[in-house]
Amino acid sequence: MDGHLSDDTTETRKVDHLRIVLEEDVAAKGVSSGWARYRFRHCALPDIDLRDIDTSIAFLSKRLSAPLLISSMTGGAAEAERINLLLAEAAETLGVAMGVGSQRAALRNPALARTYRVRKVAPTAVLLANLGAVQLNYGYGVSECRQAVEMIEADALILHLNPLQEAVQPEGNTNFKGLLPKIEAVCREVEVPVIVKEVGNGISAEVARRLVDVGVAAIDVAGAGGTSWSEVERYRHTVAQGRTTAAVFAGWGIPTTQAIQEVRTALPHTLLIGSGGVRTGLDVAKAIALGADLVGSAAPHLFRAADDRGLQAIFDGLRGFQEELRITMFLVGAADLPALRRAPLEFV
C-alpha cells in the first residue's frame, strides 16, 4: 500500500524514530511555542481553597481528571510495546487521555498490532487511534481506518498531517493532492469521531475551517516550538544534502500559541486541542486560557521516563503537570476550567 516500501522498512523507521527522539536534540530551532510571551495576572486574594479546585473535563463522553492528552508518540516496533503500555497504565490511573503513534506499521504487518494494544491496561481511558492522512492517497481508506480503531478499541481516530516530515523524509509520501474529500469520507463512514492534528508545524485557521466543514470533530493544532520532525528526519539521512535540507526547516511552522488563538477565533464552537512544546502545567493553563479545550504533550521527559525509569517516573511527570495546573488556577482565582478560560492573560 505504500509503493516501494517494505514492511521491514516501516518497522526500521519506527526504531530509528524511537532512538533519535530519545538520544538526540530534536527540538525546533529558531521558533518558540510562545508560552513565555504570555503571563497571567496574579491574584493575591483568590477567594478559593486550593483543595477545592476542579480540573476535570468531559471529553468524548468520558470524564478526564484534567484536560490532558498524552500525545501520540510511538508504536510499530517491538521496543515501543513497553513504552505504550506504561503510558496507557498511567493514563488510566491518572484519568487522562492518550493517543498512540501511527498504526500504519501494524496494518501492514499484523504481528506489530500488539505494540499498540493497550486497552488491557487502560479499560476506561480515552484512547485515540492514529493514521497518517496522506495514506489515504496511498491505498488506505475507510476500511483501514476502521481497522486502526478496532485494533485498540479507540474512542476516536486521529488523522495526522505531516507534509514537512514527509517532504524531508528519505522515503516520504508526498502526494497530498485531493485529500479533503477522502477525509470527508472517513468522517462520514467511520463510527467514531475524527480528529485531525499536525505533528509539530501547526494548523492555520483556514485549514482548520476546511477540515471542520467536511466533518472533522476536533482539531489538534500541534504547533511549532516543541519536537521538530524535520530534525528527527535529519538524523536519519545518510546523505549530506538530505541532512542540510532538513535542517533548513527546523524553525518552520505556526507557533502553538498563535495557532490556538487563530483556530479558536475562526471556530469558536469546535473542540480544540492545543499541543506543541507543552512542558509544564503552567503551559497547559495558558493553552486553556488562549482557547484550547484539551492540551496535549509528548514531552521528552515523559517519553524518556517511559523508556528508562518506568511507571513511577511517568506518574511523577503527569502529576507534576496536574499540580502545576491546579496551582496556576489557584493563583488566578479560577475554581474550574470555565473560570480559567476567563482569566486575564497578558501578552508581554
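Quick rundown of the values:
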{"item": "Any hit, segment 8-23, residues being outside any strand (DSSP E or B), surrounded by 17 or more Cβ atoms within 10 Å (Cβ to Cβ), modelled with pLDDT under 85 and of a type in the set (D, E)", "result": "yes"}
{"item": "Any hit, segment 31-53, residues being over 16 Å from Q147 (Cα atoms), among the polar types (S, T, N, Q) and buried (at least 22 other Cβ atoms within 10 Å of the Cβ)", "result": "yes"}
{"item": "Strands (runs of 3 or more DSSP E) contained in segment 231-348 and holding at least 2 residues farther than 20 Å from A208 by Cα", "result": "345-347"}
{"item": "Extreme residue, surrounded by the most Cβ atoms within 10 Å (Cβ to Cβ), among residues of segment 166-207 that are in a strand (DSSP E or B) and among the hydrophobic types (A, V, I, L, M, F, W, C)", "result": "V196"}
{"item": "Filtered residue count, segment 262-285, keeping only those that are under 23 Å from I327 (Cβ atoms), buried (at least 21 other Cβ atoms within 10 Å of the Cβ) and either free of Cβ contacts under 8 Å to residues at least 60 places away in the same chain or not aliphatic (A, V, I, L, M) (or both)", "result": "6"}
{"item": "Pair list, Cβ under 8 Å, 6 or more apart: segment 25-38 residue within 16 Å of Q258 (Cα to Cα), other residue aromatic (F, W, Y) and loosely packed, with under 14 Cβ neighbours inside 10 Å", "result": "R37/F347; Y38/F347"}
{"item": "Count of segment 78-119 residues which are part of a helix (DSSP H, G or I) and β-branched (V, I, T)", "result": "3"}
{"item": "Checking A78 against (1) more than 18 Å from V295 (Cα to Cα); (2) modelled with pLDDT of 95 or more, the condition it does not meet", "result": "(2)"}
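The values are calculated or read from the model by the stated rules, or taken from the named source; none is laboratory data. Keep in mind that what you see is a predicted model, and the values were worked out from it rather than measured. Neighbour counts are summed over all protein chains in view; Cβ atoms, including those assigned to glycine, are modelled from backbone coordinates with ideal geometry.
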